[in-house]
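Please read the structure below before turning to the comments.
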Amino acid sequence: SSVHQEILSKINALGLKSATIQAPTKGGIEFSVSWPDDLTLFSFLRTPTKILFRVSKAKCHHISEVYNHILHQHWNQFFTGHIPKISVTTKKSRIYHSKKLETAVQDAFKTYYQHNPPRKIGPNHPFHSDHFEVHIRLIEDELTVSTDVLGAGHKQFPGKKVSSASLRETIAAC
């Protein structure tokens with residue numbers, strides 16, 4: 001649609017030529033951009049209340065498969081050694097016990113950091129925060145692992161003023 005093309009042209013105008021619109025989604029637009037161009041977007045985007053960076057996708061039929069999948073991701077590029085808040089959703093999946101799945105994911109993070117000590121990153125690094133959240137979505141045995149990169153909006157860009165309310169909430173209050 002013309003709205004999607006307008007958004008894509010604005011993203012391309014920022015110098016992010018790798019961006020492509022994937023599909024309109026309920027409540028937003030899904031687009032793809034190469035790493036680390038996506039980090040550049042955070043300082044320009046004003047209205048999103050959540051930006052999910054898809055880490056990986058996989059078919060999983062058992063909790064042990066989810067555990068192994070989480071364990072083999074490169075979490076040191078996102079986190080500084082802490083175990084992030086975990087948000088789990090399961091629908092129409094063989095794995096239906098959300099609390100067991102959340103525990104398995106937390107255990108995978110603990111094991112990962114035992115074998116891969118966290119790297120040191122500076123305070124101005126976009127992921128330098130303990131407030132990020134990992135979203136585990138298991139829908140019809142399809143695992144999607146994402147991290148909410150706006151989880152710590154007030155700490156993301158030191159020196160820039162970021163309001164506590166999103167622009168949508170601010171406009172709604174008028």
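Where a number appears in this text, it was derived from the coordinates with a stated rule and is not lab data. Note that the structure is a prediction, hence the values are computed from the model and not measured. When we count neighbours, we look across all protein chains shown, and the Cβ atoms used for this are built from the backbone with ideal geometry, even at glycine.
Data overview
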quantity: Label-point separation in nm, GLN73 to THR89, each point 7 Å along Cα→Cβ; calculated: 1.5
quantity: For peptides 2-15, 55-68, 132-145, sequence by mean Cβ density within 10 Å, most packed first; calculated: 132-145, 55-68, 2-15
quantity: Per-peptide average of other Cβ atoms within 10 Å, ordering 79-86, 107-114 highest first; calculated: 79-86, 107-114
